[in-house]
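**Student:** Can you keep this structure in mind? I'll have questions shortly.
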Amino acid sequence: MKPHFMQTLGEFIVANQKDYPNASGEFSALFSAIRLAAKVIHREINKAGLADLAGLAGGDNIQGEAQRKLDVLANDTFKAALAARGVVCGIASEEEDHYILLDDGLNTDSKYIVLMDPLDGSSNIDVNVSVGTIFSVYKRRSPVGTKVTDADFYQRGNEQVAAGYVIYGSSTMMVYTTGQGVNGFTFDPTLGVFSLSHPDMKTPELGQIYSVNEGNYVHFPDGVKRYIKYCQVEDAATSRPYTSRYIGSLVSDIHRNLIYGGIFLYPSSSPYPEGKLRLLYECNPIAFLVEQAGGRAISGSGQRIMDIQPESLHERVPFFAGSRRMIEDLEVCLDEFGGKG
Ligand code: P6P
C-alpha cells in the first residue's frame with residue numbers, strides 16, 4: 001500500500017504540466033503568482049478585525065459599489081504578484097474600470113491574460129462570512145509583443161485555459177480546473193502550503209439544495225418563480241421539498257453546491273435587469289468549474305454561459321449553475337413559463 005502523503009499544489013501543477021506542452025513553465029509561474037497572492041489575502045482576512053482592514057476604503061468601483069479596504073488590498077496584491085513573473089500581459093478586475101496592460105519589458109512577450117474578482121462578497125467580511133477570489137485565464141489572441149486589445153479580453157468562456165476560486169472560509173481552499181477535471185487544495189497555514197484534499201471533484205447529478213435570494217422573488221421572471229415553487233413542492237421520488245441555502249457569497253454558495261449537489265440562481269430582477277453577476281470574471285470561471293465537475297451553467301435565455309460572446313468588460317448576465325438534472329428541470333420551467341428574456 002503506497003503510503004499516503006500530501007501532494008502540494010506546486011507539485012501537482014508540475015506533475016500535470018504535460019497538459020500544457022507549450023507552456024514552458026509559464027503556466028506554473030502564473031499559478032505560483034495566484035497561490036502566493038491567495039496566501040497573502042488569507043493572512044490579511046484572518047486578521048482583518050484586528051488590523052482595521054475591515055470597513056470601507058473610501059472609494060467606489062466602476063460598479064458604483066463602495067470599495068472595502070480588503071477589496072483594494074486583494075486587487076493590488078493579485079496585480080503585483082501576476083505582474084512580477086513575466087507571464088501575464090494583461091489583467092482585468094472587478095475593481096478596475098478598464099483592463100490593465102502589462103507592457104513593461106518583463107511582461108510584453110507574455111501570452112496569458114487574467115480576469116479576476118479579487119475579493120468577491122467582501123461586504124460579508126465585517127460579519128465574518130466566507131468570501132472568495134475568482135480567476136479566469138486565457139491565452140492572448142493578439143500577437144505576442146504587441147499591446148493587448150479588447151479582443152484578448154472579450155473571449156467566450158469556452159476559450160478559457162484555466163479557471164478557479166479561492167475560498168477564505170473555515171479553511172482556505174483553492175479549487176481550479178485547466179479543462180482536465182476539478183481539483184481542490186486546502187491551505188495549511190502552519191506549513192504555508194496548499195495540499196491536494198479534494199481530487200477530481202464531481203458534483204452530484206441531482207442535489208437537494210437550491211440557492212437564491214428569495215427576497216427578490218416578486219421581481220423574478222415567471223419561469224424562475226415556477227422553478228422555485230417546484231423546489232418547494234413535496235415529492236418523495238425526487239427528495240423534494242429541497243433545502244434552501246443562500247449565503248450571499250458566490251464562491252461559498254457554489255463551493256457548497258459543488259460538493260453536495262444543488263443549483264445556484266441569480267436571475268434577472270428589477271434591481272438587476274441583466275442579472276447581478278458579471279460574465280467575464282464571475283460567471284465564466286464558475287461555469288468552467290461546474291461543467292468540468294459534471295454540472296451545467298446557463299443564462300436567463302437558456303444559453304450555455306461559456307458560449308456567450310462578451311461585448312463589454314463588466315457586463316452582467318442572469319446566472320444559473322449546478323447539478324445537471326436540476327438545471328434541466330429549471331429549463332423546463334423557463335421554456336414553459338417564460339423568463340428566457
Ligand atoms: P444579493 C456578493 O456581493 C455578490 O457579488 C456575490 O458574491 C453573491 O452571490 C451576490 O452578490 C449576492 O447578491 O443581491 O443576493 O445580495
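**Student:** Keeping to segment 230-265, report how many residues are open to solvent by 20 Å² or more (accessible area, probe 1.4 Å) and within 15 Å of the ligand (Cβ to nearest atom).
**Tutor:** The qualifying residues number 7.
**Student:** Could you say whether any residue in segment 273-293 is more than 28 Å from Asn183 (Cα to Cα) and either assigned by TED's automatic domain parsing to the domain that holds Gly169 or open to solvent by 20 Å² or more (accessible area, probe 1.4 Å) (or both)?
**Tutor:** yes
**Student:** If Arg226 satisfies all but one of (1) under 18 Å from the mean Cα position of the chain (by Cα); (2) assigned to a helix (DSSP H, G or I); (3) not hydrophobic (A, V, I, L, M, F, W, C), what's the number of the condition it fails?
**Tutor:** Here Arg226 meets the rest and fails (1).
**Student:** For residues that are of a type in the set (A, V, I, L, M) and crowded, with 24+ Cβ neighbours inside 10 Å, scanning just segment 104-124, find the one that is farthest from the ligand (Cβ to nearest atom).
**Tutor:** Just the residues of segment 104-124 that are of a type in the set (A, V, I, L, M), to begin with: 106, 113-116, 119.
Now drop any that are not crowded, with 24+ Cβ neighbours inside 10 Å, which leaves 113-116, 119.
Values: Ile113: 22, Val114: 19, Leu115: 15, Met116: 13, Leu119: 10 Å.
Per the criteria, the residue is Ile113.
**Student:** Criterion first (in contact (Cβ under 8 Å) with a residue 24 or more places away in the chain and surrounded by fewer than 21 Cβ atoms within 10 Å (Cβ to Cβ)) does Arg141 satisfy it? Can you show your working first?
**Tutor:** Values: in contact (Cβ under 8 Å) with a residue 24 or more places away in the chain: no; surrounded by fewer than 21 Cβ atoms within 10 Å (Cβ to Cβ): yes.
No: the conditions fail for Arg141.
**Student:** Out of (1) more than 16 Å from the ligand (Cβ to nearest atom); (2) of a type in the set (Phe, Trp, Tyr); (3) open to solvent by less than 20 Å² (accessible area, probe 1.4 Å), what's the single condition that is false for Phe220?
**Tutor:** The failed condition is (1).
**Student:** Name the residue, out of Val114, Val137, Val129, Val72, that is touching an Asp or Glu at 6+ places or on another chain (Cβ under 9 Å) and β-branched (Val, Ile, Thr). Step through it out loud before you land on a result.
**Tutor:** Working: Val114 fails: touching an Asp or Glu at 6+ places or on another chain (Cβ under 9 Å); Val137 fails: touching an Asp or Glu at 6+ places or on another chain (Cβ under 9 Å); Val129 fails: touching an Asp or Glu at 6+ places or on another chain (Cβ under 9 Å).
Just a single option satisfies the conditions, and that option is Val72.
**Student:** Let me ask something additional. Out of the residues in segment 169-211 that are hydrophobic (A, V, I, L, M, F, W, C) and surrounded by fewer than 21 Cβ atoms within 10 Å (Cβ to Cβ), state the one that is nearest to Gly294 (Cα to Cα). So that I can check it myself, show each step before the final result.
**Tutor:** First, the residues of segment 169-211 that are hydrophobic (A, V, I, L, M, F, W, C): 173-175, 182, 185, 187, 191, 193-194, 196, 201, 206, 209.
Going one step further and asking which of them are surrounded by fewer than 21 Cβ atoms within 10 Å (Cβ to Cβ), we end up with 191, 193, 196, 201, 206.
Values: Leu191: 32, Val193: 28, Leu196: 20, Met201: 9, Leu206: 11 Å.
Only one residue tops the list, namely Met201.
**Student:** Give Arg316, Arg296 a once-over and let me know the one that is in contact with a helix residue (DSSP H, G or I) (Cβ under 8 Å, 6 or more places away or on another chain), open to solvent by 40 Å² or more (accessible area, probe 1.4 Å) and without any contact (Cβ under 8 Å) to a residue 40 or more places away in the chain. Outline the logic, then answer.
**Tutor:** Details: Arg316 fails: without any contact (Cβ under 8 Å) to a residue 40 or more places away in the chain.
It is Arg296.
**Student:** Taking interchain pairs and intrachain pairs at least six residues apart, which have beta carbon atoms under 8 angstrom, with the first residue in segment 274-293 and over 17 Å from Ile167 (Cβ atoms) and within 11 Å of the ligand (Cβ to nearest atom) and the second aromatic (Phe, Trp, Tyr) and open to solvent by 10 Å² or more (accessible area, probe 1.4 Å)?
**Tutor:** Final answer for the pair search is Gly275/Tyr266; Lys276/Tyr266.
**Student:** Sticking with this structure for a sec: I need the strands (runs of 3 or more DSSP E) fully contained in segment 229-341, keeping only those with at least 1 residues that are at positive phi.
**Tutor:** By residue number, 319-322.
The values are calculated or read from the model by the stated rules, or taken from the named source; none is laboratory data. It should be emphasised that the depicted structure is a prediction, and the values quoted were computed from it without experimental measurement. Note that each Cβ is placed from the backbone with ideal geometry, even for glycine, and that neighbours are counted across all protein chains shown. Heavy atoms of the whole protein, side chains included, go into the accessibility calculation; ligands, DNA and RNA do not. Shrake-Rupley method; radii C 1.70, N 1.55, O 1.52, S 1.80 Å.
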